[in-house]
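So the structure is just underneath, and the comments pick up after that.
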Amino acid sequence: MRRAFALLALAFVSGCGGSADDPTVLPRTLAGPALTTVAATMDSPGRGALIVSYPDRPVAGDIFGTQEVLVGPGNSYRTVPIGTLIDPRGRYVVLPGAHGTLTRLNLADRTERRYRAPSEPGHTIPVAISPDGTRVLYGASSDPGNPQVEHLHLLDLRSGATRDLHTKAMTAAFSPDGTKVAIGNDGESVILDPATGGRTPGPLGRRLAGDDAWSPDGRTLAYQENGELTVTLAPVDDSTEPVTLTDAGQFVGWRDPRTILVFDYGGTVSTVSGGTRTVVMTMPQSTGVEDAAGALVAGLRFTETASPDRGPWQLRFRWPLLAAAAALAATAALVVRRVRRVRQQPSRR
């Protein structure tokens, strides 16, 4: 009985490995939320491309919570904590933590590396990841869903060394070559050179549009106010007039230096180039795109796919099945002990 229970538990814990197919192939129709979706820390399908959120939908442990899901190859879905960021090439995710803790999760083999980085009390959240995936901007927030940080830090994922950049931030984005950082905070922006500490003021009254706001050619930054559909594409060097795209949607990333990827809460993901908008994916209403693997956005393809892959079935019901198996094993052990006592009792003849 003990051997059988051990083998059963091992099967539930280990699960099945996911497919490591091309992460640039995404479903044309995004599946909805599901309580049975496996966590990325339990099962990884290979590289990922998008992190989406299903707000105000029941999730395990919080019937009024928000479910954030990593979307990857083979129409795969894995849950991640709120505030998670994905590496620009979709190889790993950085998970938020508490009191200076960040975790890098490798999506290929689920190996983890935890970092104890200097930070203020509260939730430690990643803000941006460098194009080569070796550095992370992070800070502390009172709420993992609130990107406002009082002190922005730079963490080297290879050595674990950190630096305080001595600035507040609500959004930040690395330049394509990784040498500079655009920082947005309360309608102000600045371009920072971490190597020298040099700062160049950006356009006033504009909010940086997220961690993938810097265009692939390094010439343009995307700006967008919270909740608005207008995206402004402004040259980094002020050499030309900004381009304003009205009713574009919520900025996601760059398809090319003139084309952006956006989403709207009505349930669509689209490309926008000039005045042309093309829908490439449909989603359940109120679904948002929280982050994208920036280097993969240009090559994303949207096709019809198979049924959603939410992870190995036994992992979905891991704890209930283990609890049932434990109860069964305990009951069996109790029955065996009682039978032994009855057999060992002396006869009353």
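The values are calculated or read from the model by the stated rules, or taken from the named source; none is laboratory data. Quantities reported herein were computed from a predicted structural model and do not represent experimental measurements. Virtual Cβ from ideal backbone geometry, glycine too; neighbours counted across all protein chains shown. These area figures cover heavy atoms from the full protein model, side chains too; ligands, DNA and RNA do not enter into them. Shrake-Rupley method; radii C 1.70, N 1.55, O 1.52, S 1.80 Å.
Can you tell me which residue within the range 57-82, out of those that are in a strand (DSSP E or B) and polar (S, T, N, Q), is modelled with the lowest pLDDT? It would help to see each step written out before you state the result.
Looking only at the range 57-82, we keep the residues that are in a strand (DSSP E or B), and these are 59, 62, 67-72, 76-80.
The next check asks that each one be polar (S, T, N, Q); those that pass are 67, 76, 79.
Working: 67: 90, 76: 93, 79: 94.
It comes out as 67.
Going through the range 12-29 one residue at a time, which ones are β-branched (Val, Ile, Thr) and either in contact with a helix residue (DSSP H, G or I) (Cβ under 9 Å, 6 or more places away or on another chain) or at pLDDT below 90 (or both)? Working first, answer last.
Applying the first criterion (β-branched (Val, Ile, Thr)) to the range 12-29 yields 13, 24-25, 29.
Hits for the range 12-29 are 13, 24.
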Cross-chain or 6+ apart pairs with Cβ under 8 Å, the range 104-116 first and closer than 9 Å to residue 92 by Cβ and touching a residue at least 12 places away in the same chain (Cβ under 8 Å), then assigned to a loop (DSSP other than H, G, I, E, B) and among the charged types (D, E, K, R): 106/91; 107/47; 107/91; 108/47; 108/91
Leading residue by the ranking (nearest to the chain's Cα centre (by Cα)) among those in the range 185-238 that are without any contact (Cβ under 8 Å) to a residue 12 or more places away in the chain and more than 22 Å from residue 167 (Cβ to Cβ): 227
Residues (over 18 Å from the mean Cα position of the chain (by Cα), of a type outside the set (Lys, Arg) and either under 15 Å from residue 50 (Cα atoms) or in a strand (DSSP E or B) (or both)) located in the range 268-283: 268, 270, 271, 272, 273, 276, 278, 279, 280, 281, 282
Answer residue from the range 239-265, given it is assigned to a loop (DSSP other than H, G, I, E, B) and open to solvent by 60 Å² or more (accessible area, probe 1.4 Å) and is modelled with the lowest pLDDT among those: 239
Selected residue [surrounded by fewer than 17 Cβ atoms within 10 Å (Cβ to Cβ) and not charged (D, E, K, R)] from 171, 196: 196
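May I ask you to verify whether residue 297 is open to solvent by less than 20 Å² (accessible area, probe 1.4 Å), under 18 Å from the mean Cα position of the chain (by Cα), at pLDDT 95 or above and among the hydrophobic types (A, V, I, L, M, F, W, C)? First the steps, then the outcome.
On the way: open to solvent by less than 20 Å² (accessible area, probe 1.4 Å): yes; under 18 Å from the mean Cα position of the chain (by Cα): yes; at pLDDT 95 or above: yes; among the hydrophobic types (A, V, I, L, M, F, W, C): yes.
Judged against the criteria, residue 297 is a match.
What number of residues within the range 221-231 satisfy the criterion of being on the phi < 0 side of the Ramachandran plot, open to solvent by 20 Å² or more (accessible area, probe 1.4 Å) and out of contact with any Gly (no Cβ under 7 Å at 6 or more places or on another chain)? Reasoning before the result, please.
Initial filter on the range 221-231 (on the phi < 0 side of the Ramachandran plot): 221-226, 228-231.
Cutting the leftovers down to open to solvent by 20 Å² or more (accessible area, probe 1.4 Å) gives us 225-226, 228-230.
Remaining after also requiring out of contact with any Gly (no Cβ under 7 Å at 6 or more places or on another chain): 225-226, 228, 230.
Qualifying residue count, the range 221-231: 4.
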Counted residues, the range 160-184 - those being touching a residue at least 40 places away in the same chain (Cβ under 8 Å) and of a type in the set (Val, Ile, Thr): 3
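Residue by residue, here is whether (1) modelled with pLDDT of 90 or more; (2) more than 28 Å from residue 275 (Cα to Cα) holds:
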{"residue": "138", "(1), (2)": "yes, yes"}
{"residue": "156", "(1), (2)": "yes, yes"}
{"residue": "189", "(1), (2)": "no, no"}
{"residue": "221", "(1), (2)": "yes, no"}
Search result, residues across the range 83-113 that are at pLDDT 95 or above, open to solvent by 20 Å² or more (accessible area, probe 1.4 Å) and at positive phi: none
Residue within the range 121-137 that is assigned to a strand (DSSP E or B) and either surrounded by fewer than 19 Cβ atoms within 10 Å (Cβ to Cβ) or more than 17 Å from the chain's Cα centre (by Cα) (or both) present: no
The one condition in (1) within 30 Å of residue 302 (Cα to Cα); (2) open to solvent by 50 Å² or more (accessible area, probe 1.4 Å) that residue 146 fails to fulfil: (1)
